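Chemist: First the structure, which I've put down as structure tokens, then a few questions once you've had a look.
Every number in this text was worked out from the coordinates using simple rules, so none of it is lab data. Predicted, not measured: the structure shown is a model, and the values here were computed from it. Methodologically, a virtual Cβ is constructed for each residue, glycine included, from the backbone with ideal geometry; neighbour enumeration extends over all protein chains shown.
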Amino acid sequence: MEKIGIMKKILLIVTGGIAAYRTLDLIREIKRQGDDVTCVLTSGAQQFVQPLSFGSLSGNKVYTELFDLDNESEMGHINLSRQHDLIVVAPATANILSKMSYGVADDLASTILLATDKPIMVVPSMNVKMWENLSTTANVKKLKNKGIYFVGPNKGEMACGEFGYGKMALVKEISKEINFVLKPGPLVGRKALVTSGPTIESIDPIRFISNRSSGKQGHAIARMLGNYGAETTLISGPVNLENPTNVEVKNVNTAEEMFAACKDSLPVDIAIFAAAVSDWRAESLANQKIKKEGLEGKPLKISFTENNDILKEISTLSSNRPKLVIGFSLETENLIASAKNKLAQKSCDWIIANNYNNGQESVFNSEMNNVKFVNIDSEEDWGLMTKISVAGKLCDKISGFFKSAA
Ligand SMILES: Cc1cc2nc3c(=O)[nH]c(=O)nc-3n(C[C@H](O)[C@H](O)[C@H](O)COP(=O)(O)O)c2cc1C
């Protein structure tokens with residue numbers, strides 16, 4: 001891989017998870033990219049792996065003890081926390097996430113993590129029930145809010161035989177994220193806007209119509225564009241997700257508000273419309289709650305009027321049209337034919353098409369997606385992958401587009 005800039009120094013903290021042995025491959029990958037890596041192992045980690053392997057592969061001393069006289073005469077834990085460009089915790093146990101969340105500093109790893117002023121990336125790996133436990137989810141939320149980068153976990157079969165989220169991210173996914181944090185991104189200098197989530201359209205002061213979009217794909221794309229260096233605005237309908245910390249977020253409710261926010265965010269180089277925008281809104285909004293008593297058993301009739309087609313409106317702007325306009329197309333049948341149709345009808349440049357079922361489960365709220373990329377002269381099947389990987393692949397393609405246009 002091409003080396004950008006000078007060698008970076010990474011401190012790799014290995015904690016006591018079953019996936020600890022997989023960080024040996026991560027060390028190889030970091031070294032292969034020309035960066036330097038020093039390892040800290042918790043006592044839990046040493047139950048699974050030997051410091052000797054980490055020392056041999058990294059070519060550096062391995063640190064395990066907080067009260068190590070040699071190092072502490074020079075405040076070794078403070079030095080370790082400051083001498084590196086990035087701290088990566090992989091695998092990150094539920095235990096270390098909890099200690100980081102509460103500021104516990106009772107061993108070398110947790111003390112470094114509390115003392116550092118450098119970016120921290122965690123790569124969780126644990127049993128699905130540990131990951132879904134309310135204590136862990138609260139800790140993760142708190143850490144994300146503090147700006148700590150998370151990579152994974154992925155979904156799959158666990159070492160214990162159970163299935164779900166908790167598998168450590170792949171080495172290539174981790175090294176890609178490390179590169180994003182440490183190296184200048186290929187989209188630096190570009191501006192982007194991304195829409196995400198559902199819109200909601202009121203029918204009376206109490207009720208609304210909406211759809212099942214979770215916003216996970218749109219948010220992953222916005223965050224990834226930010227990682228790639230693009231100055232990104234995320235326009236989001238109501239979702240139950242953390243805001244990415246590296247983008248500007250504008251919250252909206254209705255399709256009309258989303259359209260207005262999109263126009264306000266122009267000009268941009270890249271516009272990605274991943275939101276599930278309601279095609280219709282109630283023609284008139286009832287001032288009071290609609291009562292079933294007033295209907296006397298007859299069906300409730302509501303007339304709907306069409307909303308603006310945001311993708312088409314932005315794609316066909318005579319001035320300020322983004323250089324690259326990408327639409328999403330979710331279908332229940334005839335995926336490719338519908339995507340090609342949409343490409344022509346809306347005048348956008350690319351379509352990312354996906355079925356409502358990803359082959360494993362409903363795509364709504366899932367971490368996984370199964371998409372097809374369609375443009376005027378090609379179509380590609382990207383297969384089943386995490387929504388984060390879809391975001392990465394899309395950003396690679398966008399970077400390639402601007403590189404070849406330059
Ligand atoms: C066989 C075995 C496998 C374990 N695997 C994991 C794991 O994958 N993830 C995790 O969070 N904890 C796992 N644990 C529990 C941790 O090792 C335990 O919470 C420990 O205190 C972690 O210490 P540390 O975070 O300081 O390394 C495992 C324990 C055992 C005995």
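Chemist: Which trypsin sites (Lys or Arg not before Pro) in the range 185-228 sit in a loop by DSSP (not H, G, I, E or B) and have at most 15 other Cβ atoms within 10 Å of their own Cβ?
Modeler: Values: sites: R190, K191, R207, R212, K216, R223; in loops: R190, R207, R212.
In loop regions of the range 185-228 (DSSP not H, G, I, E or B), the sparsely surrounded trypsin sites (Lys or Arg not before Pro) are R207, R212.
Chemist: In addition: In the range 333-379, which chymotrypsin sites (Phe, Trp or Tyr not before Pro) are in a loop and have at most 15 other Cβ atoms within 10 Å, using DSSP for the loop call?
Modeler: Y356
Chemist: While we're on this one: Using a cut-off of 12 Å between beta-carbons, work out the net charge of the residues near A109 (Lys and Arg +1, Asp and Glu -1, A109 not included).
Modeler: -2
Chemist: Apply 1/(1 + (r/R0)^6) to the Cβ-Cβ distance of S319 and E283, taking R0 = 30 Å, and write down the FRET efficiency to the nearest 0.05.
Modeler: 0.40
Chemist: Could you check the spin-label model distance between N240 and I209? Points 7 Å from the Cα along Cα→Cβ, value in nm.
Modeler: The modelled label-to-label distance comes out at 2.3 nm.
Chemist: To continue, here is another question. Between 0 and 90 degrees, rounded to the nearest ten: what's the tilt of helix 387-405 against the longest Cα principal axis of the chain?
Modeler: 80
Chemist: Whole number please: convex hull volume per residue, Cα atoms of the range 9-182, in Å³.
Modeler: Taking only Cα atoms, the range 9-182 has a hull volume of 102 Å³ per residue.
Chemist: Give me the aspartates and glutamates in straight-line cross-link reach of K118: C-alpha distance below 15 Å, same-chain residues under 8 apart excluded.
Modeler: In chain and number order, the partners are D85.
Chemist: Moving on. Using only Cα atoms, tell me the angle between helix 335-346 and the longest principal axis of the chain; keep it within 0 to 90° and round to the nearest 10.
Modeler: Value to nearest ten degrees: 70.
Chemist: Can you give the relative contact order of the chain as a percent, counting alpha carbon pairs under 8 Å and 6+ residues apart?
Modeler: 11
Chemist: Something else about it: Given the peptides 329-335, 175-181, arrange them by the average over their residues of other C-beta atoms within 10 Å, most packed first.
Modeler: Top of the packing list down: 175-181, 329-335.
Chemist: For the range 246-313, which trypsin sites (Lys or Arg not before Pro) are in a loop by DSSP, counting at most 10 other Cβ atoms within 10 Å?
Modeler: Counting only loop positions with at most 10 other Cβ atoms within 10 Å, the trypsin sites (Lys or Arg not before Pro) in the range 246-313 are K289, K291, K292, K301.
Chemist: Something else now. Assuming R0 = 41 Å, what is the FRET efficiency of S404 and Y165, from their Cβ-Cβ distance, to the nearest 0.05?
Modeler: The computed FRET efficiency comes out at 0.65.
Chemist: Just to confirm a number: summing +1 for Lys and Arg and -1 for Asp and Glu over residues other than T137 whose beta-carbon lies under 13 angstrom from that of T137, what do you get?
Modeler: Surrounding charge for T137 is +2.
Chemist: May I ask you to derive the FRET efficiency for F304 and D377 from their Cβ-Cβ distance with R0 = 56 Å, giving the value to the nearest 0.05?
Modeler: Working: r = 37 Å, r/R0 = 0.66.
According to the calculation, E is roughly 0.95.
Chemist: Turning to a different aspect of this structure: Multiplying the sequence separation of R82 and D117 by 0.36 nm and subtracting their Cα-Cα distance, what value in nm do you get? Show your work: numbers first, answer last.
Modeler: Details: separation 35, 0.36 × 35 = 12.60 nm, distance 0.66 nm.
Computed gain between R82 and D117 is 11.9 nm.
Chemist: Helix 216-227: angle to the longest alpha-carbon principal axis of the chain, degrees 0 to 90, nearest 10?
Modeler: Tilt of helix 216-227: around 60 degrees.
Chemist: Under a Cβ-Cβ cut-off of 12 Å, what is the net charge of the residues other than I336 that fall near it, where Lys and Arg count +1 and Asp and Glu count -1?
Modeler: Values: positive: K340, K342, K372; negative: E331, E333, E379, E380, D381.
Residues near I336 contribute -2 overall.
Chemist: Rounded if a/c is under 1.5, else prolate if a/b is larger than b/c, else oblate: which is the chain, with a ≥ b ≥ c the root eigenvalues of its Cα gyration tensor?
Modeler: Numbers: a/c = 2.30, a/b = 1.77, b/c = 1.30.
Prolate, because a/c is 1.5 or more and a/b exceeds b/c.
Chemist: Another question, then. Past 26 Å, Cα to Cα, is the threshold; run K172/K387; K346/K372; K99/K167; K263/K346; K155/K191 against it and keep the listed order.
Modeler: Details: K172/K387 15 Å; K346/K372 18 Å; K99/K167 20 Å; K263/K346 17 Å; K155/K191 32 Å.
Too far apart for the 26 Å limit: K155/K191.
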